Every structure is written in structure tokens, then in C-alpha cells.
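One structure is given below, encoded as C-alpha cells.
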Amino acid sequence: MTSVAVAVKGGSSGSRRAVNWAVENLMPKADRFVLVHVIPKITSIPTPSGDHIPVAELDAKLVATYVKDMKEKFEEVFDPFKNKCKTKKVETLVLEDDDPATGLLRFISESGINCLVLGSCSSNYITRHRIIKNSDGSSSAIETSSASWMSTRDHKRGSSDISEHISGVRSFRVESTAHEAYGASPMSDLSYLSSEAFTRMGFSENASVDQETNHHNLGDKLATSSFHHQSSSVSSNTGRSYMQMEVEQLRLELQNTISMYKRACEELVRAQSKVQLLSSECLDEARRVDAALESEETLRKIAAEEKEKHLKAMKEIEEAKVLLAKEAYERQIAELNAMKESSEKKKLVDALFSRDRRYRRYSRNEIEVATSFFSEANVIGEGGYGKVYKCSLDHTPVAVKVLRPDAVNKREEFLKEVEILSQLHHPNIVLLLGACPEIGCLVYEYLENGNLEDYISQRNGKPSLPWTVRFRIVFEIACGLAFLHSSKVEPIVHRDLKPGNILLDRNYMSKIGDVGLAKLISNVVPDSITEYRESILAGTLFYMDPEYQRTGTVRPKSDLYAFGVIILQVLTARHPNRLIFIAENAMANGSFADILDDSVTDWPLAEAKELARVALRCSQLRCRDRPDLETEVLPVLKRLVGLADSSLKIDRNHVDAPSHYFCPILQEIMEDPHIAADGFTYEFRAIKAWLEKHNVSPVTRLRLKHSALTPNHTLRSAIQEWRTHVTYPST
């Protein structure tokens, strides 16, 4: 079995010539044809930072992977040579060895290679043989060929047979492609390298022919050739010229060799760069794999948590279904009770309409005469029930609400208002003077200053109200609501409380009117229970209790939601749409002063904020979260209206007080003035309360350097002296 190996290097012309020659001369007779490429042993792996890590310090699997990748990369060297050997299967092999010659010789001895072909870098170089005697008596030749040939000879043939191949040649040189690829010196002494390698591998001294004999035979042949050449020369000048040409040719070949050596070095640098890049990519890929594994573990945990949440949610859904079925049953029972109650109340209202003597009955003629037969000139308002006329009855200014002839469905509302108002007498509830059942009209006391909506929106030429008046209006509305909710017979819920239904008399005392949608509640549902009822919703958007909209259940605290919205409108003079959300954000961001009605320049900021907090509590989405009107809301409003009354007295009697006597926060004459870090003087209790919640100046809105307060004794003495000259009116 004949085995042929060809040592190649990528991009080398010598390798191409060696492969071409081996394909033409040896491949047809060879049973095995191997292309061999030698790379240096990999002792370290480069890192992205440019350093190298010894393989001994790395994981064996990582090193094996890196070595495998490098060998696969160098397999590309064989691609151009495989195309020349299409007719027969060709093996490729990448060897690792710091000494290419040693690596090749080891491969030959271990693989049973009969012939090894090496290429030269120039086509002018001659062939040189290295005869190796094997134990079986055969001999193999390691050679480089310019003529692209190689042979295997028997050991019985002498050195004279080898000399025949080099007779007449001017010079010779053996160039090892493997050494050239890694920057080693040219292999002009391949015989020596091969001898050393074979000696290390344990071959006997008889394994090679003496190198000196080869050189001697070669010298004799060259001498003989020179003699014959000189005998045939015409003159000695011709010999000298020939020698000069030989020298010049050798010089050019030397330059060519140096140039190829430099290119080999450059290729080595590029190869090293590629190795570093591949190492960096390998490490990056390892990091990505680790990150992927960590991500997978995290996702597994998340999936487990989501599964647990899903099971919990399914359990809650089952519980909710049971609860819903129970509530549906209770709702049906409540609806039946409500229908029965409604039927009984309708009978009572009809009886009241026919027999009630608690209000004065007016005739149709009296109403028509008083309103000038319902002249449009006397109209002062209009609603869903009909128009409101201003007129005079019994020499008293009155407001007459007339039901529209086509509003048949409003008859029940009319009767309900008669029933409720006929038994209500309170300073903050509009007084019902009489009614005309014949044409469905109600006669109320006339309130000169119209409704609160006009003052909030400043319509119809209405001026802006001082903050003291606004505080009192809020307190009076709360008093009227408390009266309705604590009715002795049954609690009364207004259901349509809004600024348009808050009327003001000549002294700006507020009264709650338009109770046509009011509802008598016989069984008040506790705030902590959610009860659903099928009923027609009544009220005005933006003021309607969200829980009442959702469930149909009305409670006294349903009016409290509308009351909270009205308070915010009184403070800000804004439309109710999204007003609760705006106020909450302003309170949270510390910018509440920016949303106050700017037509009032002397707002007491601390008290205004306290009133806004009450409003936001009243306008909570759930009834159970709203405060109690009598025990929690009214005491706060009473204290605030007392402050407003005190301010009015001071304003009336201290108009001549110097401006710096007033606290910038309370807008009152100070009793215990203290200087803050911003240089301004404040009432001690006011600035102390401010600093507990803020770290900026109430005046400049700049950050305070500290919170220390210094008593202003000079100003305090001046205020006390000024007070001695002022006479306060008696209570």
C-alpha cells in the first residue's frame, strides 16, 4: 500500500507546484493521498483585552473547543488544493508542533507514509533528496521540487544515482513550506533537521546516509560539470561574465527570499489577530450562554409564580361567583320590597294631595294673575320640570315653579316635593309657601341673589364672593344637609345637590332648594354593605354619587359626594369635570395655592387647604370611606366659619392697621410674631404648622436654609402698643 503526503501552506506557489507535481506523478499509483499543514502548538488563548491565558489555567473542554475551532479555521488552507485532486478522495490533516520538521517526521513515522512532498518558493531551485533507510529495507525520499517530481528508491541504489538528478544545475536550496509559514529560517539544512528529529525519535544511526557523503558527491559532480564547461569555453572572460550572472541571480533570489519571509511574518500577525478575535468571540458566546441559562432559570421562576397566581385567581373567581349568586338573590328580595314600598307611598302621596292642610292652596286664577298669565318677562329660571316665574302673592315676592303641561311623568316629582317641603322648616332650606294642585305649581319664598352657580361662574354680572362669605355658604349647606338627613320621620336624601340648587338671599345666606328628586329612606343601608337595586337614577352628572350610579342604592352619604364637589368649586371656581383629580394632584404636589380662585387675593392658605381636605374626604368613591356629616364635617366647618367671622370683624375695625402687622399666611394681625429663614415675619402658630409640612417659604416659594424661628420682639411691642389705641366692638 503506497501512501503519499504533501506538506502545503496557504497562498504559497511552492505548495501549488508540489501538489500539481504529486497529482501528476504520484496520485495515480498512490492508495492514500494526504495534504498536511503544520501549525504551532496552542499554549495560550487570547482574551478581548489583548492578554493571553495559558491553556493549563483554563477548562479542558473550553481549550478543546478552541483548538477544534482553530483547526477548522486552518482547514481553509486545503480548499484551493482539493480542487486539483477531484478525481480521487483526498485526506486533509492539520498538525500541531512548534518545529514543523519534527511534526512532519513524527507524522510520517506514525502514519506509515511512503512519500513526503515539500514545495520550494522558487521554480529555479533544484531537487534535493534525503534517503531514509527503514527497518523493512525500503527507503523514502523527503524532497522539495522545482521540477515538481519525487521518487522512492531502493536502498541498494547508491548516491551516484541521486547525483545524476542534480548534474548540470547551478545551485540548490531546500525550502520548507512548513518552516516558512511560521517565520523560521529557510530550510537549507533540512538534512540536519531531519537527522536531529529522527535521532530524538529513537532511530538508529544506520537510518540515514551520511550527510557528508551527499555533500562530497555533490561537490564532485559540480567540479566535473565546471571542468567540462571550462574546456568548451572560448575565453576566460566568458567564464567571469557567467560567474557574475550567477552572483546576480543569487542576489535576486536572496532578495526574493527575504521578501517572502516578510510576507510570511505579516501573515503570521494576521493569523494571530484572527486567533484573538475568535477567542474573544468564543468567550462572548460563553457569556451569552451563561446569561441565557440565567434568563431561563428566571423565566422558570416567573412561570411558577404566574401559575400560582392563576390558581389563586381561579379560586377567587369561584368565591366571587358564589357571592354574586347570593347578592343576586338578595337583590331580587330587595326589589320586591321596594316595589311594595313604592306602591304604599304612592297611595299616601295621593291621599296627601287630596287632604293636606299644611300649606296654602292657591287657585289657578291667582297664579295666572300673579304671573301675568305666565309671561316670559317674569321667567327667572327653567329646569326639566318646567319654568320658574317671579311674581307677588299676598304682597310678598315669591318664586312660582310651574309644571309643564306635557310633563305628565313629572307629576310624581311634584307631589313628592309638596310632601317633603310642607313638613320642612329650617333656615337653610327653601321655604314652601303654597301650591296649586290644579295646574301643578309650587310657590316658594323669593331669594334675591339667585343661585350659587352664577357666582362661581360669575355669570349674569355676579361679582366674586369674598372667602369669608364662601366659608359661611359651605357651612350653611352642611347645616341644611344635616337637617335633611336627620329628619325625625325618615331620613331625606336630596339626590340633586349642586350649585344651581343653592339659593342666596339678600344677606348671602344659602338655602337648599329644588328637592323634587329627594327621596325618603325608610331602611337605610349601612355604609359597609354594598346593595344593588334596580331603580331609575336621578341627579346631575359630575355631582352624582359613583356608588349610587353603580348599585342604584341611595344613602344619606350620597349627598356628601356632591357636597365635596361643591366645596372644591367654591374654592377654585372651576368646572366640576375632573376637579377632584386636579385637587388631589395639587394637594400632593404642594401646588394647591395655584388652583384657588385668583379673583380672591387674600385666601387663608392653611384654612383653605383644610377645607379642601374635607371636600376630598367627602368625595371618596365608596360611601364607607366618607366622613360622618354631623360628627366629623360640621365641627371643622364651624371652626372655619368662626375664623371667617373673626377676620370680618378685624377687617371692619382694623382697616388702618399697617400691612406689616398682618401674617402673610393667616392675613391676620399677629399676636406672636416670629422671623423665619426667608426674612419675613409670621404668626408663630401659622409658620410652625407650615414648616411641619413644607421646606419652602410661604411668600417667595424658595427653599428655606433652616427651620429655626426668631421672636420679633420689636414688632410685637409695636402691635401691642397699637392695640391699646384701638377699641374693639362688644360681642
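The values are calculated or read from the model by the stated rules, or taken from the named source; none is laboratory data. The model shown is predicted, which means the values in this text are computed figures rather than measured ones. Counting neighbours? That spans all protein chains shown, and the Cβs are built from the backbone with ideal geometry, glycine included.
Annotations
- Close pairs (7 angstrom Cβ cut-off, 6 or more residues apart or separate chains): on the phi < 0 side of the Ramachandran plot in segment 594-618, in a helix (DSSP H, G or I) and hydroxyl-bearing (Ser, Thr, Tyr) anywhere: ILE595/THR572; LEU596/THR572; ASP597/THR572; CYS618/TYR561
- The residues listed here are GLU412, GLU445; of these, the one that is surrounded by fewer than 20 Cβ atoms within 10 Å (Cβ to Cβ) and modelled with pLDDT of 85 or more is GLU445.
- Filter pass, LEU497 being crowded, with 20+ Cβ neighbours inside 10 Å and either touching a Cys at 6+ places or on another chain (Cβ under 7 Å) or in the same structural domain as ARG639 (by TED's automatic domain parsing) (or both): yes
- Lone unmet requirement of (1) at pLDDT 85 or above; (2) assigned to a loop (DSSP other than H, G, I, E, B); (3) in contact with a Ser or Thr (Cβ under 8 Å, 6 or more places away or on another chain) for PHE374: (3)
- Residue in segment 675-688 that is more than 45 Å from the chain's Cα centre (by Cα), hydrophobic (A, V, I, L, M, F, W, C) and at pLDDT 90 or above present: yes
- Any hit, segment 430-449, residues being out of contact with any Cys (no Cβ under 7 Å at 6 or more places or on another chain), part of a helix (DSSP H, G or I) and either touching a residue at least 24 places away in the same chain (Cβ under 8 Å) or assigned by TED's automatic domain parsing to the domain that holds LEU634 (or both): no
- Residue match in segment 465-485 (condition: assigned to a strand (DSSP E or B), under 49 Å from the mean Cα position of the chain (by Cα) and under 30 Å from SER342 (Cα atoms)): no
- All positions within segment 19-61 that are hydrophobic (A, V, I, L, M, F, W, C) and surrounded by fewer than 16 Cβ atoms within 10 Å (Cβ to Cβ): ILE42, ILE53, ALA56, LEU58, ALA60
- When segment 669-696 is filtered for residues that are within 18 Å of THR714 (Cα to Cα) and in contact with a strand residue (DSSP E or B) (Cβ under 8 Å, 6 or more places away or on another chain), the ones remaining, listed by number, are ILE669, MET670, GLU671, ASP672, PRO673, HIS674, ILE675, ALA676, THR681, TYR682, GLU683, PHE684.
- Matching residues, segment 679-693, being outside any strand (DSSP E or B) and within 20 Å of ASP602 (Cβ to Cβ): PHE680, ARG685, ALA686, ILE687, ALA689, TRP690
- Boolean, ARG288 is surrounded by 10 or more Cβ atoms within 10 Å (Cβ to Cβ) and within 25 Å of the chain's Cα centre (by Cα): yes
- Hits in segment 335-371 (condition: among the aliphatic types (A, V, I, L, M), surrounded by fewer than 13 Cβ atoms within 10 Å (Cβ to Cβ) and modelled with pLDDT of 80 or more): LEU336, MET339, VAL369
- Of the helices (runs of 4 or more DSSP H) lying entirely inside segment 571-657, those carrying at least 1 residues that are of a type in the set (Ser, Thr, Tyr) and either surrounded by 14 or more Cβ atoms within 10 Å (Cβ to Cβ) or at pLDDT 90 or above (or both) are 634-653.
- LEU541 vs. criteria in contact with a Pro (Cβ under 9 Å, 6 or more places away or on another chain), among the aliphatic types (A, V, I, L, M), free of Cβ contacts under 8 Å to residues at least 12 places away in the same chain and more than 25 Å from VAL641 (Cα to Cα): yes
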